[in-house]
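Colleague: First the structure, then my questions, so here it is.
The values are calculated or read from the model by the stated rules, or taken from the named source; none is laboratory data. Small disclaimer: the values here were computed from a predicted structure and weren't measured. We place every Cβ from the backbone using ideal geometry, glycine too, and count neighbours over all the protein chains shown. With ligands, DNA and RNA removed, areas are computed over all heavy atoms of the protein, side chains included. Shrake-Rupley method; radii C 1.70, N 1.55, O 1.52, S 1.80 Å.
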Amino acid sequence: MLPIVLKFRLMSMAAAGWTAASSPVPLQAEAVATLFATHTAAPIELDLYDENDHQKGHVAIWRDGSVDDPTRDEIKRLFRCRKTHREAMIHHRTLAMLADVAERYPGKTIEYVSGVRLNRGESRTSPHRDARAIDFRIRGVQLREIRDYLWRTYTEVGVGWYPVGQFVHIDARPTMSDCAWTFLNGTNHYHPTWSYLARKPETEEPFMQARRGAGS
Ligand SMILES: [Zn+2]
């Protein structure tokens, strides 16, 4: 944690120097700068729980999805293939999305169902095989809310909603088209209504809500 602390101090000192030179109210400006520095200079901490192996994890991930070496090992271990026990590092963009969601729900544990899948039965094109996908839920938070937030906020992603299994699938797919689906009755239903609703501009929301109320 030392590098983070050092970085934070340097930023605070720089902010203090700037306010002394240019602001008649140095204390307030410095307080704002310090708050900003605190927010962006620290990684996001995640509490993880493995639904299958019942193991817990606590990791810190930077907003761009990068991690330090010990965390890298821990993430590889936590999200390893359940069937083969082989490890692969989860894509940094997938981790960035997971960290972003974690930051939205402070104090909540991310319960993950699946990460890396390297077993024979896994499709060659599966983002799980490529260590780009995680299936998860957050107890006490509506899956719909997580699903819509991720779909609205990110591009070059896959977002799958599994209402029966009670989890959301996310994957990073750089340079590829977005893909949204609902998994129901053993099948993926692509281009679901929720994916259109989640990305509609705010001004159209009342109309879409009316439609939703009508059962579409
Ligand atoms: Zn998945």
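Colleague: Pairs needed: first member in region 92-113, farther than 14 Å from PHE136 by Cα; second member anywhere, open to solvent by less than 10 Å² (accessible area, probe 1.4 Å) and assigned to a loop (DSSP other than H, G, I, E, B); C-beta distance under 7 Å; at least 6 residues apart or different chains.
Modeller: Note: pairs meeting the criteria are HIS92/GLY65; ARG93/GLY65; ALA96/GLY65.
Colleague: Something else about it: Can you find, within region 124-135, the residue that is surrounded by the most Cβ atoms within 10 Å (Cβ to Cβ) among those that are within 11 Å of the ligand (Cβ to nearest atom) and small (Gly, Ala, Ser)?
Modeller: ALA133
Colleague: Answer yes or no as to whether ILE138 is within 16 Å of ASP100 (Cα to Cα), away from the ligand (no atom under 14 Å from the Cβ) and of a type outside the set (Lys, Arg).
Modeller: Judged against the criteria, ILE138 is a match.
Colleague: Which members of region 146-188 meet the condition of being in a strand (DSSP E or B), crowded, with 21+ Cβ neighbours inside 10 Å and of a type in the set (Phe, Trp, Tyr)?
Modeller: TRP161, PHE167
Colleague: Of the residues that sit in region 88-123 and are surrounded by fewer than 19 Cβ atoms within 10 Å (Cβ to Cβ) and basic (Lys, Arg), which one is farthest from the chain's Cα centre (by Cα)?
Modeller: ARG120
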